[in-house]
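Nothing in this text is a laboratory measurement; each read-out follows from the coordinates by a stated rule. The structure displayed is predicted, hence computed values, not measured ones. Don't worry about glycine lacking a Cβ; one is built from the backbone with ideal geometry, like all the others, and counts go over all protein chains shown.
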Amino acid sequence: MSEIPKKERFLRLADVMARTGLSRSSIYLSISKGNFPKNINLSSRSVAWLESEIDAWIQTRINQRSTTT
């Protein structure tokens, strides 16, 4: 039986901030340093992030905590 692919969702900035606990400036600073998933341009004035990439970033942070304690 074939596996049903997970559908991707876009998360807007407010959703990303709520999920990660980071401020807007911290998110964009982390993107510029290469430590956070890059946003996707939806239009000339609208951006979003892939939910799967944000979830993976959160899981990586959890895993880092587990290895340092």
Do the sum for the chain: with -39,500 (n - 2.57) for every DSSP H run of n ≥ 4, divided by all residues, what is the mean residue ellipticity at 222 nm, to the nearest 500 deg cm²/dmol? -16000 deg cm²/dmol
Taking only C-alpha pairs under 8 Å that are 6+ residues apart, what is the relative contact order of the range 10-68 in percent? 35
From the C-alpha coordinates alone, can you work out the Kirkwood hydrodynamic radius of the range 10-68, in Å? 11.9
Subtracting the Cα-Cα distance from 0.36 nm times the residue separation, let me have the gained length for Asp15 to Thr60 in nm, one decimal. 14.3 nm
Hey, if you put +1 on the Cβ of every Lys and Arg and -1 on every Asp and Glu Cβ in the chain, which of Leu22, Thr67, Leu11 ends up farthest toward the positive end of that dipole? Leu22
